[in-house]
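Just so it is clear, none of the values below were taken in a lab; they were calculated from the coordinates. Please read these numbers as outputs of a predicted model, since none were measured by experiment. Methodologically, a virtual Cβ is constructed for each residue, glycine included, from the backbone with ideal geometry; neighbour enumeration extends over all protein chains shown.
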There are 4 protein chains.
Amino acid sequence: YTGAEIVRLLANHPQFRITVMTADRKAGEQFGSVFPHLITQDLPNLVAIKDADFSDVDAVFCCLPHGTTQDFRLRNINEYAEWYGHAHRAPELQEEAVYGLTEVLRDEIRNARLVANPGCYPTSIQLPLVPLIKAKLIKLSNIIIDAKSGVTGAGRGAKEANLYTEIAEGIHAYGIKGHRHVPEVEQGLSEAAESKVTISFTPNLICMKRGMQSTMFVEMAPGVTVSDLYQHLKSTYEGEEFVKLLNGSNVPHTRHVVGSNYCFMNVFEDRIPGRAIIISVIDNLVKGASGQAVQNLNLMMGLPENMGLQYQPLFP
Amino acid sequence: YTGAEIVRLLANHPQFRITVMTADRKAGEQFGSVFPHLITQDLPNLVAIKDADFSDVDAVFCCLPHGTTQDFRLRNINEYAEWYGHAHRAPELQEEAVYGLTEVLRDEIRNARLVANPGCYPTSIQLPLVPLIKAKLIKLSNIIIDAKSGVTGAGRGAKEANLYTEIAEGIHAYGIKGHRHVPEVEQGLSEAAESKVTISFTPNLICMKRGMQSTMFVEMAPGVTVSDLYQHLKSTYEGEEFVKLLNGSNVPHTRHVVGSNYCFMNVFEDRIPGRAIIISVIDNLVKGASGQAVQNLNLMMGLPENMGLQYQPLFP
Amino acid sequence: YTGAEIVRLLANHPQFRITVMTADRKAGEQFGSVFPHLITQDLPNLVAIKDADFSDVDAVFCCLPHGTTQDFRLRNINEYAEWYGHAHRAPELQEEAVYGLTEVLRDEIRNARLVANPGCYPTSIQLPLVPLIKAKLIKLSNIIIDAKSGVTGAGRGAKEANLYTEIAEGIHAYGIKGHRHVPEVEQGLSEAAESKVTISFTPNLICMKRGMQSTMFVEMAPGVTVSDLYQHLKSTYEGEEFVKLLNGSNVPHTRHVVGSNYCFMNVFEDRIPGRAIIISVIDNLVKGASGQAVQNLNLMMGLPENMGLQYQPLFP
Amino acid sequence: YTGAEIVRLLANHPQFRITVMTADRKAGEQFGSVFPHLITQDLPNLVAIKDADFSDVDAVFCCLPHGTTQDFRLRNINEYAEWYGHAHRAPELQEEAVYGLTEVLRDEIRNARLVANPGCYPTSIQLPLVPLIKAKLIKLSNIIIDAKSGVTGAGRGAKEANLYTEIAEGIHAYGIKGHRHVPEVEQGLSEAAESKVTISFTPNLICMKRGMQSTMFVEMAPGVTVSDLYQHLKSTYEGEEFVKLLNGSNVPHTRHVVGSNYCFMNVFEDRIPGRAIIISVIDNLVKGASGQAVQNLNLMMGLPENMGLQYQPLFP
């Protein structure tokens, strides 16, 4: 789905044009027969990677499962091996790769040759938490995250567990303790903290196609108030086009960002003194995947960061 | 919802800018507090109609319930009174109004001052049937239509029948015989036929937000084949950007047009000799409402018809 | 899913007890690990058919794909071969089998040894049409059926087309002309008519788990009125527990029968004179599969027909 | 919806019969016209409370909004006034009322005349936490709860926020800090702890009709392990029909209890040492409302506690 989403986003991009599209099982087919919602687009046919002509290509989006391309998000080769179950096959590229959390690492991305696009959960979690940790406004212990994802996050693989009949009208947690986005989040938070951070992370799969909500339960540093958290996030993201801190007590809804590259967030008081609740929402396929990837490529190409990305959310 | 959809579509329109927004109950509020998915847009506050300054306004989209503004779709004043339950209050404007089925009445729309934007069901039905009737390829008797609509068609009014709990995971027919779109469809088909056409029309409400599928069961004129219908629709819509006849036996899915201004259609053989089945799908809020309205205003303003409308469908 | 539904229904059946459960890939597993919603039931473990001990078994429900067990619904061996793509392997049993449309063939079922349980579409279509055809109230030509099914009808096989992401929030037609339930319906209607009936049948898959709506567009025999159809169905099903003709202009909703063995139906006037619209709804997994099967077994065993089946619909 | 659910559950209850049904706006109507899924039930017409004949009534289920009947869950009259916004009008009954958390307070309920049926969130939270707190296995500080509810919890009132179009395909938090179930949960946990407990509670509304998941993040007492929590819950609920601790690492799914009176729960290790994650699921309308009410009335009447409640979950 992230590949199809790149195509959707590039359909109106004034500077990027798709010249090669590769596929594995579906090599030889027309893209419109695989994704009929894009039949109106004038696209090259799908070819096997070995048959692709890269001579006219300036940039490549890799939307392949980890293991097929390597994942370049984790800096620590050993951690990669532990979480992905095999040794990294391109460790030198791993070292070169820049982590593509745009609003946090904009300058590095601008000068990068290889960008590792963040995962959806890590994007929704790090955007609020990294600045708060850097400013030492929240404690590093007991960061508890309950996150909810739409089903597109699981891809288009034909699995019984992801059938309509198994998913509709329900919610369940999965991958408690063991989700692969955990080391990616901990890496980002640890760098911000300059010390090792261990998180509690419970992802849930809910009956929606797109959308992600991360709810973060944190302890504030001594003397810090919810208003301090709010003000710091406000000043951090003031000029940003795609990250929005909501006003007052407005609660972020996943349905208010679907189809767009926005991240909406807000901070709330907890009943337990000294604690705060932070909620962020994104479209997992856009800001959590293909949209952020286009945003990063814009930066790498010296284009305006929002080029081709000004889609408003599709509500209702 | 059609008003919010106009705002979404105009967000990226290079030539149109929103200068006045009116409201009734919500006058005085910010648009983003009524529709939080559009908080990022720089919009004027909502004002009561009586307080609106129209001095700087070149065009108006009316998205009000019938009765508040008049509906200008029905040419026959008496028919209006019969179906809408009150006399038309602007009969002279009624006469001037052009029916905005873009692909069918493009030239008239280009020169119109007042366009009556078609209903969603009528759009999805007339786009395939009008050309077939004009070419005398189908019989006028026994045109049977089973149509299915998403719930946005019912608007945002707080009604028990439209609660999530009453709608999710189900389908039901409604307004059999009595739906207000019937006279509009019959008017269009009768004009194409140059004789009175009476249709069988059964709308269904299904558990989706956006999308509309119309299934039309027709008898072909003597000697006509399904291939004749297909070829005629193909040549009719060959150069059109927004109306697409699918290849081969591909079936139109509502989800493949959601968020876009496209109408996808196809023609199928029936088991009963001499009959054909035609299926068309649109997004009821876009091609069935706000998208077609923008398309028409582009025409009226002498702009490229597709300006600001090149959104690809949001799938999944 | 029909197998699991049998287990659900038998959980409270006072006379039937499950002693053997067979499986193919999942042989050796506990039923509760395959269907966790039934972990509270005290059930035998799944065994391969070859290892099953049938010595203590009085009756068998076969919920296997056609081809694995044979399908016994079609009386004509040649028609079976044509629609199922292979010769029938138990033609002598085929001749013995009784078609299990309970309310229509109750006496035959009571004395049967082998009952072929009707398909879901055929159940929802034949319950209203068979009595009307027998009474010669509707014409046999141009019976047009637009039917909508929930996704459980497609079973639990892991197919891309049935993923949540591909199904949610949409509708599409499928199997136009070629659905395997067509010969079954035509067989039933032809027997009622005592002459060959050919139907127009367009099934649609909609984004709901359970539920089926069949909309039937018919021409009435000369002089017959909608009220005649209504009265005939009323008297036909007056004493029936599971088939209900709604009052007045009440429209059957799929969600009002989900989880139950009911079929709700009603008859409506069409705008085209001489025509009528009939709508019926069932839960495809209950009256359209496992519920009707239990109803039939009750009959075969000389028990009250409704035993263990008095579940009220689960709404909302 | 809780009233209709009582009717559904009592439809097969061997000992209870409905003799009076009251309504406010809908007095005078047939129940089946208000809830068409129950048209097959032989029920008394709805009457206004003032016209009801209670002479033949042994027990009453009150399913009215708080304020109409009083809510008897909070023992502290002042707390009631604070959370419900008005003084309690029947303080002497308040004192008499027994809190109906069946598995925890079975003996008290058996002898009660007036039972205050627990809220849905409080049921799903207290069933796992009360025994763990009583056994001093978890710390009382920093009990963090992220709960997700289906939309039936909001009732059948016609509110814009609960329209299908506003709810489908999304999730949002609501009532952070201020949900009325908070004092009820804190009352139950404080009694178990014999000291004041303050919780962090974030409810979320998700796009499903029925179902509730509560995720509880807790710190274990020194030296306690996840296995200790598991074993204690196992022995606590060993003989219970309606509360089930899942095996191994099986995750409770809301869809596996829908339509039934079950509560499924399990305990998981957290990545942060010393912490545990507890997940419980119920059907908010059954165990979270009407089912538990019937369970309690069975107890009060000296009947088997599970009478009429052995519905298996409706999956899928």
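A simple spin-label model places pseudo-atoms 7 Å from Cα toward Cβ; at D:GLN231 and B:ALA48 they are separated by 7.3 nm.
Counting only other chain Cβ atoms within 10 Å of each residue's Cβ, the peptide B:265-275 averages 4. Averaged over the residues of peptide A:144-151, the number of Cβ atoms from other protein chains lying within 10 Å of each residue's Cβ is 5.
Counting Lys +1, Arg +1, Asp -1, Glu -1, what net charge surrounds C:ILE77 among other residues with beta carbon under 11 Å of its beta carbon? Within the 11 Å Cβ shell, the charges total -2. Where chain C is rotated onto chain D, the residue of C whose Cβ comes nearest the axis, and that gap in whole Å, is C:LEU314, 3.
Which whole-number percent gives the relative contact order of the stretch A:116-220, counting Cα pairs below 8 Å spaced six or more residues apart? Write down the numbers at each step before the final one.
Values: 165 pairs, mean separation 52.0, N = 105.
Reported relative contact order: 50 percent.
Amide H to amide H, with H built 1.01 Å from N, B:MET21 comes under 5 Å of B:VAL47, counting only residues 5 or more places away or on other chains. Taking one quarter of the surface of the convex hull spanned by the alpha-carbon atoms of chain B gives a direction-averaged projected area of 16.9 nm². For the pair the stretch C:190-221 and the stretch C:98-120, the centres of their Cα atoms are 20 angstrom apart. Between B:ALA293, B:ALA192, B:ALA27, the GNM of chain B built on Cα springs shorter than 10 angstrom shows B:ALA27 fluctuating the most. What number, in percent, do you get for the relative contact order of chain D if the mean sequence gap of Cα pairs under 8 Å and at least 6 apart is divided by its residue count? Worked out over chain D, it gives 19 percent. The Cα trace of the stretch A:241-289 gives Rg and Dmax of 12.0, 37 Å, the first to one decimal, the second as a whole number. Comparing D:ASP71, D:ASP228, D:ASP58 in a Gaussian network model of chain D (Cα springs below 10 Å), the most mobile by mean-square fluctuation is D:ASP58. Between the helical axis of C:181-193 and the longest alpha-carbon principal axis of chain C there is an angle of about 50 degrees. Of the two radii for the stretch D:185-316, the radius of gyration is 0.98 times the Kirkwood radius, both from the alpha carbons; that is the Rg over Rh value. Cα centroids of the stretch D:245-316 and the stretch A:38-82: 45 Å apart. Taking the label point 7 Å along Cα→Cβ, D:LEU303 and its counterparts in the other copies are spaced 2.2, 6.8, 6.9 nm apart, in ascending order.
Step through the table entries A:LYS148/A:LYS177; C:LYS209/C:LYS287; A:LYS209/C:LYS26; D:LYS209/D:LYS287, compare each Cα-Cα distance with 18 Å, and write down the pairs that go over it. Listed pairs above 18 Å: A:LYS209/C:LYS26.
Shape of the stretch C:44-178 from its Cα gyration tensor (a ≥ b ≥ c, root eigenvalues): rounded if a/c is under 1.5, otherwise prolate when a/b > b/c, or oblate?
Details: a/c = 1.79, a/b = 1.10, b/c = 1.62.
Note, shape of the stretch C:44-178 comes out oblate.
Largest mean-square fluctuation among D:TYR237, D:TYR84, D:TYR121, in a Gaussian network model of chain D whose springs join Cα atoms under 10 Å apart, belongs to D:TYR84. Relative to the longest principal axis of the Cα atoms of chain B, helix B:291-300 runs at roughly 80 degrees.
Between the helical axis of B:226-237 and the longest alpha-carbon principal axis of chain B there is an angle of about 30 degrees. Beta bridges assigned by DSSP with both partners in the protein assembly as shown are antiparallel in approximately 65 percent of cases.
State the percent of C-alpha pairs, over all pairs in the stretch A:2-117, separated by a distance greater than 21 angstrom. Don't skip to the answer; put the middle values down first.
Values: 3250 of 6670 pairs.
Result: 49 percent of Cα pairs exceed 21 Å.
Computed from the alpha carbon atoms alone, the convex hull of the protein assembly as shown holds 195 Å³ per residue.
Remark: spin-label model distance B:TYR174-C:GLN41 equals 3.7 nm, labels positioned 7 Å along the Cα→Cβ axis.
Decide, for the stretch C:1-67, between rounded, prolate and oblate: order the square roots of the alpha carbon gyration tensor eigenvalues as a ≥ b ≥ c, take rounded if a/c falls under 1.5, and otherwise choose prolate if a/b is larger than b/c, else oblate. Write down the numbers at each step before the final one.
Working: a/c = 1.35, a/b = 1.10, b/c = 1.22.
In terms of gyration-tensor shape, rounded.
Could you name the lysines in cross-link range of B:LYS139, using Cα to Cα under 16 Å and dropping any fewer than eight places away on the same chain? Cα-Cα hits under 16 Å: B:LYS196.
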